Number of protein chains: 2
Amino acid sequence: MSAGARPTLRDVATQAGVSPAIASRVLNADPTVRVREETRERIQGVAKDMGYVPHSVARSLRGARTGAIGLVMHGLDSPINVDVLAGAQAACARAGYVTLLADAEQLAGDHSQLSAFLARGRLDGVILHSGYGEEDRLLEAITSSVPAVLVNSEDGRPVPTVRVDDAAAARLATEHLIELGHREIAYIAGPEGSQTSDRREAGYRDTLARHDLGGAVDVVHAGWSAGAGTTAVHELLRRPTLPTGLVVANAVAASGVLSAFRDAGLAVPGQVSVITIHDSWFLQHLSVALTAVRLPLQVLGATAADLLIDTIEGRSPVRDVAITEPAPELVLRRSTGPTSRR
Amino acid sequence: MSAGARPTLRDVATQAGVSPAIASRVLNADPTVRVREETRERIQGVAKDMGYVPHSVARSLRGARTGAIGLVMHGLDSPINVDVLAGAQAACARAGYVTLLADAEQLAGDHSQLSAFLARGRLDGVILHSGYGEEDRLLEAITSSVPAVLVNSEDGRPVPTVRVDDAAAARLATEHLIELGHREIAYIAGPEGSQTSDRREAGYRDTLARHDLGGAVDVVHAGWSAGAGTTAVHELLRRPTLPTGLVVANAVAASGVLSAFRDAGLAVPGQVSVITIHDSWFLQHLSVALTAVRLPLQVLGATAADLLIDTIEGRSPVRDVAITEPAPELVLRRSTGPTSRR
DNA sequence: ACCGGCTGAACAATCGATTTCTCAGGAACT
DNA sequence: AGTTCCTGAGAAATCGATTGTTCAGCCGGT
């Protein structure tokens with residue numbers, strides 16, 4: 001397009017016959033500056049004609065801000081986590097921030113990547129959505145250099161956390177199975193030690209208890225992957241009797257659960273009903289279209305971003321947030337039905 | 001952790017009793033500088049003790065480089081695209097670059113997001129993996145400000161492109177169906193105008209022709225989404241006879257294809273065999289475990305990153321690359337079988 | 001003694017934008 | 001006529017690191 005190098009502020013100012021100082025203020029719409037309307041227009045015209053684009057590096061060297069937020073994520077192989085990422089990314093973009101993406105595991109494992117990511121002046125803040133394993137290693141490094149917000153993390157952190165209403169989602173799922181007549185309902189949990197899974201478990205236990213089924217509590221620990229779901233089913237199949245209903249903590253694991261039942265020749269929902277937490281496009285294409293409780297994952301990411309941005313821009317006190325709006329919602333498909341046993 | 005603000009280079013130099021100039025050279029291992037071993041050690045010791053971290057912004061203001069690469073992606077709702085992203089991100093990280101993530105559609109639609117992203121000094125280069133719709137709008141803006149590499153893009157661009165071997169993948173898929181005895185094989189294409197889909201179509205046509213089935217060419221245009229796959233099946237079902245084999249251009253669309261057959265009560269592979277291009281974790285959990293041709297998507301992303309980095313660091317001439325290694329590979333599952341018709 | 005050359009390191013300019021002062025000139029007021 | 005005040009704008013410092021140039025001392029050679 002244009003011939004040479006990009007014009008600098010000085011070029012614009014010279015061309016417009018003013019000092020860089022005035023040019024800067026005019027182009028940034030500094031409300032405290034007074035210039036003649038004519039001068040203002042001349043500067044703006046020249047800037048436009050020359051295709052002036054501010055040099056973000058020079059700008060953030062002087063000011064303290066960089067206009068960049070770091071997104072440290074784990075498990076991008078799961079659409080669930082990608083939804084959170086997409087929500088956060090979009091919210092940052094809307095607020096005028098660019099986003100730096102990093103993989104939590106890589107960052108935790110490679111010190112040079114970590115220091116490149118956290119190099120001074122690179123980021124205004126970080127959103128950390130990590131597996132519970134890497135978190136400790138990363139958290140201190142991050143928070144000692146910039147403000148941070150955690151997503152779906154553990155309690156008791158010295159950093160604000162944003163989370164969805166896990167307990168309510170699990171209550172809704174369990175309630176649904178009970179309404180269909182199920183009395184033997186197991187919970188296929190996430191990995192041992194995950195508080196996200198624990199919160200869902202609490203909702204499941206609550207609901208059973210409220211229906212006087214407290215004695216039927218049945219928790220199988222699995223994980224977040226499809227393979228973990230399959231393994232959990234194999235474990236169930238070794239028992240003399242199978243529960244009639246399953247609440248699975250995660251939609252990806254539930255895929256593995258359904259495949260395992262298919263491979264074992266068990267009918268869903270004929271012999272066992274399955275409901276999961278988190279909705280995604282692939283659920284309706286699984287071996288049995290999977291009934292789920294939809295949680296607002298993109299909203300989760302966006303809320304984390306908004307909270308962080310408020311903090312960065314000094315607008316609000318930082319604190320934990322639980323997202324209750326939109327509320328968890330039942331998405332009925334074909335994997336749940338009336339129990340055939342009593 | 002430490003009390004005050006982070007130390008600057010000057011702080012380190014002062015503490016070590018040297019000038020910032022020497023400190024900088026020592027800490028960056030400048031080979032042209034000569035210092036006493038004792039001085040070198042003193043500077044390095046002080047830097048370590050004070051927890052000195054270089055200020056990336058100041059550094060890139062002086063030097064030309066920023067150590068950041070932009071990843072402009074589309075369709076993060078598809079695991080296929082996320083694989084490419086993950087590959088590119090990891091390769092950049094390995095090479096010491098941080099990655100800025102942006103959504104192609106958002107960027108194309110919001111001028112202020114675009115200029116924040118492309119602000120001078122923010123990026124050393126961009127990898128663009130966009131739908132064919134937004135590409136034109138973005139491409140000029142991007143290439144006029146930084147080096148770029150396209151992923152799976154159209155031919156004839158003024159920018160180097162990296163792509164997988166689409167034709168070979170489609171040949172492999174088509175060949176597989178022919179070996180199973182199929183003679184009526186349709187190709188469920190991507191969106192009209194997509195050259196990725198066109199290249200796969202060429203491989204499909206090639207293979208039919210080589211088996212004297214050139215007259216049986218049957219292309220149905222769909223899209224990349226599951227819904228598009230479903231729609232394509234509905235179109236097929238309106239015909240008097242159905243092909244016995246289907247090559248679907250994309251794994252997500254193929255999910256919709258399988259669901260449509262299930263809903264229509266047609267057996268896969270009993271009445272129709274389905275094979276798709278691209279492999280992903282969810283394929284084995286679909287209503288019928290889906291046979292696919294695996295393409296190295298992470299390698300695709302990583303290769304694009306490596307190529308861009310070579311360009312940025314002035315190591316290689318920029319040119320188009322087609323990835324042939326690892327070669328497309330057949331992943332047998334349950335959606336293909338011998339034809340029941342002749 | 002004097003000069004050339006090497007060693008080890010400091011000086012100062014630079015990158016581009018922001019921002020705090022400062023200041024010239026004219027209007028308004030006494 | 002002199003003082004004050006406001007308008008409109010410029011000068012210069014600053015952010016932190018990099019790098020081309022310069023320079024003080026010391027050695028050996030003549």
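Residues in segment A:35-42: is at least one at positive phi and more than 8 Å from DNA strand D (Cβ to nearest atom)? Looking through segment A:35-42, none of the residues is at positive phi and more than 8 Å from DNA strand D (Cβ to nearest atom). Remark: pairs (first residue in segment B:187-215, free of Cβ contacts under 8 Å to residues at least 40 places away in the same chain and basic (Lys, Arg); second residue open to solvent by less than 30 Å² (accessible area, probe 1.4 Å) and assigned to a helix (DSSP H, G or I); Cβ separation under 8 Å; 6+ apart in sequence or on different chains) = B:Arg199/B:Asp166; B:Arg199/B:Ala167; B:Arg199/B:Ala170. Of everything listed in (1) modelled with pLDDT under 90; (2) polar (S, T, N, Q); (3) assigned by TED's automatic domain parsing to the domain that holds A:Asp212, the single unmet condition for A:Thr174 is (1). Of the residues making up segment B:134-146, just one is open to solvent by less than 10 Å² (accessible area, probe 1.4 Å) and either charged (D, E, K, R) or assigned to a loop (DSSP other than H, G, I, E, B) (or both), namely B:Glu135. In summary, strands (runs of 3 or more DSSP E) completely within segment A:225-342 and bearing 1 or more residues that are closer than 30 Å to A:Gly87 by Cβ and open to solvent by 20 Å² or more (accessible area, probe 1.4 Å) occur at A:291-294, A:321-323, A:329-331.
If you go through segment A:20-34 and keep only what is of a type in the set (A, V, I, L, M, F, W, C) and either within 13 Å of DNA strand D (Cβ to nearest atom) or in contact with a helix residue (DSSP H, G or I) (Cβ under 9 Å, 6 or more places away or on another chain) (or both), you end up with A:Ala21, A:Ile22, A:Ala23, A:Val26, A:Leu27, A:Val33.
Within segment A:11-30, if we keep just the residues that are free of Cβ contacts under 8 Å to residues at least 12 places away in the same chain and near DNA strand C (Cβ under 8 Å from one of its atoms), the residue that is farthest from A:Asp49 (Cα to Cα) turns out to be A:Asp30. The set of residues in segment A:100-116 that are at pLDDT 95 or above and open to solvent by 10 Å² or more (accessible area, probe 1.4 Å) contains only A:Asp103. Among the numbered conditions (1) within 12 Å of DNA strand C (Cβ to nearest atom); (2) open to solvent by 40 Å² or more (accessible area, probe 1.4 Å), the only one that B:Val33 does not meet is (2).
Within 30 Å of B:Val84 (Cα to Cα) and either within 10 Å of DNA strand C (Cβ to nearest atom) or polar (S, T, N, Q) (or both) - does that describe any residue in segment A:61-71? Yes, segment A:61-71 has at least one match. Per the conditions (1) within 11 Å of DNA strand C (Cβ to nearest atom); (2) free of Cβ contacts under 8 Å to residues at least 40 places away in the same chain; (3) within 30 Å of A:Ala116 (Cα to Cα), the sole criterion not satisfied by A:Tyr52 is (2). Tell me, please, whether a residue that is on the phi > 0 side of the Ramachandran plot and buried (at least 19 other Cβ atoms within 10 Å of the Cβ) can be found in segment B:49-67. Checked segment B:49-67: at least one residue is on the phi > 0 side of the Ramachandran plot and buried (at least 19 other Cβ atoms within 10 Å of the Cβ). The set of residues in segment A:261-278 being in contact with a Ser or Thr (Cβ under 6 Å, 6 or more places away or on another chain) and charged (D, E, K, R) consists of A:Arg262 alone.
This table checks each residue for (1) assigned to a loop (DSSP other than H, G, I, E, B); (2) facing chain B (nearest Cβ under 10 Å); (3) in contact with a strand residue (DSSP E or B) (Cβ under 7 Å, 6 or more places away or on another chain); (4) free of Cβ contacts under 8 Å to residues at least 60 places away in the same chain.
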site: A:Thr32; (1), (2), (3), (4): yes, no, no, yes
site: A:Ala47; (1), (2), (3), (4): no, no, no, yes
site: A:Leu61; (1), (2), (3), (4): no, yes, no, no
site: A:Gly70; (1), (2), (3), (4): no, yes, yes, no
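Entry remark, segment B:144-160: residues being over 16 Å from the mean Cα position of the chain (by Cα) and more than 18 Å from B:Leu114 (Cβ to Cβ) number 4 in total.
A:Ala5 fulfils the conditions (1) modelled with pLDDT of 90 or more; (2) within 14 Å of another protein chain (Cβ to nearest Cβ) except for a single criterion, (1).
Residue count for segment A:203-224 satisfying the condition of being at pLDDT 95 or above and part of a helix (DSSP H, G or I): 8.
Checking each residue in segment A:1-30 for being outside any helix (DSSP H, G or I) and either more than 25 Å from B:Ala141 (Cα to Cα) or hydroxyl-bearing (Ser, Thr, Tyr) (or both) picks out A:Ser2, A:Thr8, A:Gly17, A:Val18, A:Ser19, A:Asp30.
The one condition from (1) outside the structural domain of A:Asp124 (by TED's automatic domain parsing); (2) surrounded by 18 or more Cβ atoms within 10 Å (Cβ to Cβ); (3) under 19 Å from A:His221 (Cβ atoms) that A:Asn152 does not meet is (1).
Let's see how each residue does on (1) closer than 28 Å to A:Pro296 by Cβ; (2) in contact (Cβ under 8 Å) with a residue 24 or more places away in the chain; (3) in contact with a Cys (Cβ under 6 Å, 6 or more places away or on another chain):
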{"site": "A:Ala93", "(1), (2), (3)": "yes, no, no"}
{"site": "A:Thr99", "(1), (2), (3)": "yes, yes, yes"}
{"site": "A:Ala102", "(1), (2), (3)": "yes, yes, no"}
{"site": "A:Tyr132", "(1), (2), (3)": "yes, yes, no"}
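Considered as a group, the residues in segment A:36-45 that are over 42 Å from the mean Cα position of the chain (by Cα) and in a helix (DSSP H, G or I) include one that is nearest to DNA strand C (Cβ to nearest atom), and that residue is A:Ile43. Filtering B:Ser60, B:Ser56 for residues that are within 11 Å of DNA strand D (Cβ to nearest atom), at pLDDT below 95 and touching a helix residue (DSSP H, G or I) at 6+ places or on another chain (Cβ under 6 Å) leaves a single hit, B:Ser60.
For residues in segment A:81-99 being more than 9 Å from chain B (Cβ to nearest Cβ), open to solvent by less than 10 Å² (accessible area, probe 1.4 Å) and not small (Gly, Ala, Ser), which is nearest to the chain's Cα centre (by Cα)? If we take residues in segment A:81-99 being more than 9 Å from chain B (Cβ to nearest Cβ), open to solvent by less than 10 Å² (accessible area, probe 1.4 Å) and not small (Gly, Ala, Ser), then A:Val84 is nearest to the chain's Cα centre (by Cα). Filtered by the rule that a residue be touching a residue at least 12 places away in the same chain (Cβ under 8 Å) and facing chain B (nearest Cβ under 8 Å), segment A:270-287 gives A:Trp281, A:Phe282, A:Gln284, A:Leu286, A:Ser287. Considering segment B:117-133, the residues that are in a loop (DSSP other than H, G, I, E, B) and small (Gly, Ala, Ser) include one that is modelled with the lowest pLDDT, namely B:Gly133. Pull up segment B:123-133, narrow it to residues that are surrounded by fewer than 24 Cβ atoms within 10 Å (Cβ to Cβ) and not hydroxyl-bearing (Ser, Thr, Tyr), then point me to the one that is nearest to B:Ala305 (Cα to Cα). Going through the qualifying residues, I end up with B:Gly125. Checking the stated criteria, B:Arg120 turns out not to satisfy the condition of being more than 10 Å from every other protein chain (Cβ to nearest Cβ), under 17 Å from A:Thr66 (Cα atoms) and over 13 Å from the mean Cα position of the chain (by Cα).
The values are calculated or read from the model by the stated rules, or taken from the named source; none is laboratory data. The structure presented is a predicted model; accordingly, all values stated were derived computationally and were not measured. Positions of Cβ are backbone-derived with ideal geometry, glycine not excepted, and every protein chain shown enters the neighbour counts. Please note that ligands, DNA and RNA were not included when accessible areas were found on the heavy atoms of the full protein model with its side chains. Shrake-Rupley method; radii C 1.70, N 1.55, O 1.52, S 1.80 Å.
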